[in-house]
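The values are calculated or read from the model by the stated rules, or taken from the named source; none is laboratory data. Computed from a prediction, not measured in an experiment: that's the story for all the values here. Here Cβ is always computed from backbone atoms with ideal geometry, including for glycine, and neighbour counts include all displayed protein chains. When the accessible area is computed, the model is the full protein with side chains, heavy atoms only, and any ligands, DNA or RNA have been set aside. Shrake-Rupley method; radii C 1.70, N 1.55, O 1.52, S 1.80 Å.
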Amino acid sequence: MKNRNKGLWDEDRNNRRQFLKLAGFGALGLITGGAWPLLNHSAASQNPETIPGAEFNPDLDISLTARPGEVSIFPGDPTRVWQYQALVHKGDKTRVVEIPSSYLGPIIKMHQGEKIRIRFNNSIQEESIVHWHGLHVPAIMDGHPRYVVPQGQHYLYEFEVKNRAGTYWYHPHPHGRTGPQVYKGLAGLFLVSDEEEQSLGLPDGEYDIPLVLQDRMFDPDNQLVYTSGHMMEQMTGFLGDWIMVNGMPDFTLPASTCAYRLRLLNGSNSRIYKLAWKDGCPLTIIGTDGGLLERPVYRRYAFLGPGERLEIWADFSDRPIDFETSLISLPFDTGGMGGSRMGRGMMMGGGMGQNQSLPNGAGFAVFKIKVTKQVKKTRTLPEKLSEIRPFQQDEAVNNFNPRQFYLTMRHMQWSINGRVFQIEDVADDEIVRLGSKEIWEFHNTGGGMMNMMNMPHPIHLHGKQFRVIERSGVRHDGYVDEGWKDTVLLMPGERIKILVDFDDYPGMFLYHCHNLEHEDMGMMRNYFVRKS
Ligand SMILES: [Cu+2]
């Protein structure tokens, strides 16, 4: 079966390449099993120069299938989920790491400069496409919703991993259905290493722990409940009452008496975590979305919005056996709806539904760490982690006139500059020039209605890592804006200026709120990187 499939794949690929060549396109991004439904609006914007051609020779060649499955999460009935499942066709099999008994997809591990081919197969009953969150890839490889493929069809990804070492991830990106698809289990980590990182001697192997934080809700039969049918729930975003770590409830990390690198991803649909150690010790933060910071930073607590990552150095070398601690999420005020301050269902006739049983901003334990093993392994936290060039704000072509984006509610719909997502729509003020650096300023102005509609929005840019140059209107601390970012959390009233370098890869990319229910509602727009 496997071989037969592979044969079909190769044949299909060759046919399509041939077809595209005839059609005047240099290479292939999309494979469909039958017709070519997306040619009209996808191939036309492909740029042959930025797409690997037929000579593409991957270091790792895998299939990644989204399909229905079952996992045992609680005693009793297994939970029906959707999962990514991988099969290695070529390359080192240890680069694809399954998380045992988790709905999460496998962890894909790549080194900077390596090439990867991913044959995405869609075996769920609705359209889907995969986005590589944080990775710097050509537009056609980025998983834009216009490239969705229906059940039974495929999409071929081929790209070189250009990113710095860091914790990236992948998840579906079909318009209007990202929230439910991620919620059902479709997500996985994509870890990148590079030489700079490897020279540091950071904790590795069993001391390098990925931790995907998500919240879920279950019915009495252990089945996932997704409560976003109600408009108010769509407005706030889904909030579950079970905190899952790597797909498991009540998670405890058994630790040894040594230093750990904890890689945290907020893979929740809309929950924000205000992370802290239970004992009040500061967090030692060594990395964010786009990899290691220049130097470790220390915070009493740190926000982690949906889509964001934080890497923490945690050293248990002077702890006794049986020592226990927890990473907790502290209570905080979200400044309006969906917050801990606002009563559940207040003014909304109780219509907020059950998803407010653990509101955004509530405090809870995320996971426990228990020291169970004595080891002699001394690691010293490096004083310097990486080389990060200070940003030069005046290099931006619009230094004195940043591009403005207002996050507002319009006709009971979240929008950006009053616009909602249209699959092909790019406004004049959403076109940037290839090779330019720009400052983009986002304003979380709120939704009016006496601040009832004020909500945090984690803003994510596709295809790019950027630098945060200024955050204002701030009523919270605990942001980690250092280093390279692809997602930034804006609390109500806040403004953020970021510096983006559109140095390569022309074409259409997305920017959007990573509260997945907001995104599905249309709080997402295209931006277009134009050549010349
Ligand atoms: Cu939002």
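Subtracting the Cα-Cα distance of residue 98 and residue 481 from their residue separation scaled by 0.36 nm leaves 134.8 nm. Per-residue surface analysis assigns residue 441 an accessible area of about 20 Å², computed on protein heavy atoms at 1.4 Å probe radius. For the range 94-202, the solvent-accessible area of protein heavy atoms averages 26 Å² per residue (probe radius 1.4 Å; ligands and nucleic acids excluded). For the set 93, 376, 368, solvent exposure ranked by accessible area (probe 1.4 Å, protein chains only) runs largest to smallest as 376, 93, 368. For the range 359-474, the fraction of 1.4 Å probe accessible surface lying on carbon and sulfur atoms is 48 percent. How much solvent-accessible surface does residue 230 expose, in Å² to the nearest 10, with a 1.4 Å probe and all protein chains in place? Roughly 80 Å² of residue 230 is accessible to a 1.4 Å probe. Would the range 355-499 count as rounded, prolate or oblate if I go by the C-alpha gyration tensor, calling it rounded below 1.5 in a/c and otherwise prolate when a/b exceeds b/c, oblate otherwise? Oblate, because a/c is 1.5 or more while a/b does not exceed b/c. Solvent exposure of residue 438, expressed as accessible area, is near 10 Å², computed with a probe of 1.4 Å over the protein chains only. The residues 411, 133, sorted by heavy-atom accessible surface at 1.4 Å with ligands and nucleic acids left out, run 411, 133 from largest to smallest. Taking a point 7 Å from the Cα of residue 300 along the Cα-to-Cβ direction, the residues of the range 316-334 with backbone N closer than 15 Å to it are 330-333.
Compute the signed sum of charges (Lys and Arg +1, Asp and Glu -1) over the other residues within less than 10 Å, Cβ to Cβ, of residue 327. It works out to a net charge of +2. Under 1.5 on a/c is rounded, so check that first for the range 471-532, then, if it is not, pick prolate when a/b is larger than b/c and oblate when it is not; a ≥ b ≥ c are the square roots of the alpha carbon gyration tensor eigenvalues. Oblate, because a/c is 1.5 or more while a/b does not exceed b/c. When 380, 252, 408, 79 are compared by accessible area at a 1.4 angstrom probe, the order from most to least is 380, 252, 408, 79.
Take the range 383-442 with all the other protein chains still there, run a 1.4 Å probe, and you get 56 Å² of accessible area per residue. With Cβ to Cβ distances under 13 Å as the rule, what net charge do the other residues near residue 363 carry (K, R +1; D, E -1)? That sum, taken over residues with Cβ under 13 Å, equals +2. Net charge in the neighbourhood of residue 59 (other residues with Cβ under 12 Å of its Cβ; Lys, Arg +1, Asp, Glu -1) is 0. Under a 5 Å amide H cut-off, with hydrogens placed 1.01 Å from N, residue 303 pairs with 275, 479, 480 among residues at least 5 apart or on other chains. Compute the Cα gyration tensor for the range 102-216, then decide on rounded, prolate or oblate, letting a ≥ b ≥ c be the square roots of its eigenvalues: rounded whenever a/c is under 1.5, prolate when a/b is larger than b/c in the other cases, and oblate in all that remain. Judged from the Cα gyration tensor, the range 102-216 comes out oblate (a/c at least 1.5, b/c at or above a/b). Bridging of residue 437 to lysines at a Cα separation below 21 Å is possible for 162, 464, 485, 497, 531, once same-chain residues fewer than 8 apart are set aside.
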